[in-house]
Each structure stands twice: as C-alpha cells, then as structure tokens.
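Q: Structure provided below as structure tokens; questions to follow.
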Amino acid sequence: MDASSPDAAIPRSGPPAQKPPSRSGPPGKEPPFAPETDAPTPAADARRGVALTVGVLATVVFVVLRLVVALGGHQPLAPDLWWDEAMADLANPVLVIVAWVPAVAGGTIGMIVAGVVLIAVFAVRRRYGDAVNVAASIVLVVAIGAPMAAVIARHRPAGSLAETMATSFPSGHTAVATTVAVTLALILRRRWVWVLATVWVLLMMWSRTYLHAHWLSDVVAGALEGIVVATLVWSAVEVFRERRALRSAGQTSATAEVNGSRHLPPAPLA
C-alpha cells in the first residue's frame with residue numbers, strides 16, 4: 001500500500017488517556033475544599049518527604065523529653081517551675097476567661113463536634129481520603145495520648161483551675177489541637193491556614209499552662225505528639241492515594257489501548 005493512501009493516515013492506536021488534574025498545584029490555584037483527584041505529582045512527593053522528616057524529628061524530641069521527665073521522677077523541670085510562676089504573676093480574671101475559651105473549644109465535646117463537622121465537609125465535597133485522614137488522626141492521637149498520660153500519672157501544678165487528675169503528661173488538649181491544626185494545614189495547603197494553625201496551637205499551650213492544668217513540658221510534649229500523628233497519618237494517606245491513582249491510571253491506559261485496537265481497519269490483502 002502506498003504511504004500516501006487514505007488508509008495510511010488512519011491512526012493505529014486509540015486516543016491517549018486523559019491525565020487527571022493534580023491536587024498539588026501552587027497555592028491559590030484551587031479552592032481549599034475542591035473535590036479531590038488522585039493524580040500523583042512530584043510536588044506531592046516532595047511535601048511527603050518533608051512531612052516524614054518533621055514527623056521523625058518530632059518523635060525523637062518527644063522521646064528525649066519523655067526520658068528527661070522520667071529521669072527527674074516526673075517532677076516539674078526548672079523551665080516548668082519558671083513558667084508556672086510567670087503565669088501565676090499574670091493572674092487576671094479577664095485572662096482566665098480568655099484562657100477558658102480554647103480550653104472548652106479544644107475539650108472532648110468541642111473536638112468531637114469539630115471533628116464531625118470537618119469529616120462531614122470533606123465527605124460532602126467528595127474528598128473521602130481527607131475525611132479519613134482527619135478521622136484517623138483524631139482517633140489515633142487520643143488512643144496514644146490518653147493511655148500514656150494515665151500510665152505516666154504525672155501530677156499537675158498546684159492550684160489547677162481545670163483538671164486535677166494526675167494525667168498531666170502529655171497534654172491531651174494540646175495534642176489534639178495540634179493534630180487537627182497540622183492535618184488541616186497539610187490537606188488545604190494554604191499559608192493562612194498554617195498561620196491560623198500555629199496561632200491556635202500556641203494559644204492552646206498558653207491556655208493550659210495559664211490555667212495551671214499542665215506544666216510547660218506537658219504542652220510541649222502534647223504539641224510534639226500532635227505533629228507526629230498528623231504528619232505520619234497524612235503521609236500514609238497520601239501514599240495510599242498515590243498507589244490507587246497509579247493503579248487507576250494503568251487500568252485506564254489498558255482500556256484505551258483495547259478500545260483503540262477495536263477501531264483499527266482490517267489489514268489489506270496482499
């Protein structure tokens with residue numbers, strides 16, 4: 001057959017599979033709660049590496065702090081005493097009310113409500129992976145922190161205006177607040193979310209120490225626990241999402257090749 005004949009111009013394969021949009025574009029190019037897609041991108045891989053590194057470092061620092069507290073007989077450290085006295089010197093009825101706001105909002109009921117709302121929003125927006133991320137992070141941080149605090153049984157500062165049980169290390173309020181804040185910042189990928197997340201965590205740490213519910217080392221440990229849980233769970237969800245996307249892309253490509261071959265013209269007779 002001559003190369004210039006009409007049959008020679010017919011493509012020998014089906015149309016190329018369309019590449020799904022990426023979730024990891026530059027900030028501001030995609031609405032924060034846009035429906036998810038599962039396309040793996042180099043940007044997503046780079047962020048996961050950073051998150052894993054931060055999570056591992058936070059784990060190491062947490063373990064070191066735990067050992068220091070244990071070697072001290074679970075007694076307050078020198079920075080703990082200094083900070084507790086500084087908070088006592090700032091005693092003020094107005095500040096007590098201010099301190100109770102994050103304490104209540106970040107308490108058991110407050111975080112259950114916040115978690116349910118976040119999971120529902122992500123589910124409605126068809127971002128099921130992110131909904132699972134939030135749910136798994138909250139469940140895991142509580143499952144780790146609550147038994148740990150009960151086993152360690154560190155006493156709280158004298159004159160606590162909140163809880164009095166000997167479950168001071170690590171701070172559960174701070175751990176959950178950090179977990180939710182960092183998880184949302186990783187998912188939404190917005191600078192302003194990171195700023196708000198940082199402010200919220202610092203406010204919670206101040207609140208718990210101002211109310212003398214925790215020592216300074218307790219809230220630092222809680223923040224570290226939250227960072228570890230948030231970064232590792234988010235990384236695990238992203239790995240699962242990427243692998244699922246690769247499988248889906250492979251199936252789509254195979255289907256396109258099969259469909260394309262069905263439309264090929266019959267081979268010319270010799």
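The values are calculated or read from the model by the stated rules, or taken from the named source; none is laboratory data. Please read these numbers as outputs of a predicted model, since none were measured by experiment. Neighbour counts run over all protein chains shown; Cβ positions are idealised from the backbone, glycine included. Each accessible area value is taken on the protein alone, full model and side chains, heavy atoms only, with ligands, DNA and RNA left out. Shrake-Rupley method; radii C 1.70, N 1.55, O 1.52, S 1.80 Å.
Q: Give just the number: which of (1) farther than 27 Å from Val68 by Cβ; (2) surrounded by fewer than 20 Cβ atoms within 10 Å (Cβ to Cβ) does Ile144 not satisfy?
A: Failing condition for Ile144: (1).
Q: I'd like to know if segment 124-132 contains one or more residues that are closer than 19 Å to Val229 by Cβ, of a type in the set (A, V, I, L, M), at pLDDT 90 or above and out of contact with any strand residue (DSSP E or B) (no Cβ under 8 Å at 6 or more places or on another chain).
A: Taking segment 124-132 as the starting set, the residues that turn out to be closer than 19 Å to Val229 by Cβ are 129-132.
Among the residues that remain, those that are also of a type in the set (A, V, I, L, M) are: 131-132.
Pick out the ones that are also at pLDDT 90 or above and you get 131-132.
The next check asks that each one be out of contact with any strand residue (DSSP E or B) (no Cβ under 8 Å at 6 or more places or on another chain); those that pass are 131-132.
Yes: segment 124-132 contains one or more residues that are closer than 19 Å to Val229 by Cβ, of a type in the set (A, V, I, L, M), at pLDDT 90 or above and out of contact with any strand residue (DSSP E or B) (no Cβ under 8 Å at 6 or more places or on another chain).
Q: Just the residues that are assigned to a helix (DSSP H, G or I) and either of a type in the set (Phe, Trp, Tyr) or buried (at least 17 other Cβ atoms within 10 Å of the Cβ) (or both), please, taken from segment 63-85.
A: Restricting attention to segment 63-85, the residues satisfying the condition of being assigned to a helix (DSSP H, G or I) are 63-71, 78-85.
Result: Leu65, Arg66, Val69, Asp80, Trp82, Trp83, Asp84.
Q: Can you confirm whether Phe169 is buried (at least 20 other Cβ atoms within 10 Å of the Cβ), of a type in the set (A, V, I, L, M, F, W, C) and more than 16 Å from the chain's Cα centre (by Cα)? Before you say what the answer is, go through the steps one by one.
A: On the way: buried (at least 20 other Cβ atoms within 10 Å of the Cβ): yes; of a type in the set (A, V, I, L, M, F, W, C): yes; more than 16 Å from the chain's Cα centre (by Cα): yes.
When the stated conditions are applied, Phe169 passes them.
Q: Then there is this: If you check Arg154 against the conditions, is it open to solvent by less than 50 Å² (accessible area, probe 1.4 Å) and either charged (D, E, K, R) or in contact with a Ser or Thr (Cβ under 6 Å, 6 or more places away or on another chain) (or both)? Give the steps one after another, and end with the answer.
A: On the way: open to solvent by less than 50 Å² (accessible area, probe 1.4 Å): yes; either charged (D, E, K, R) or in contact with a Ser or Thr (Cβ under 6 Å, 6 or more places away or on another chain) (or both): yes.
The answer is yes for Arg154.
Q: For segment 87-115, enumerate the residues that are farther than 16 Å from Ala162 by Cα and either touching a Cys at 6+ places or on another chain (Cβ under 9 Å) or of a type in the set (Phe, Trp, Tyr) (or both).
A: Within segment 87-115, none qualify.
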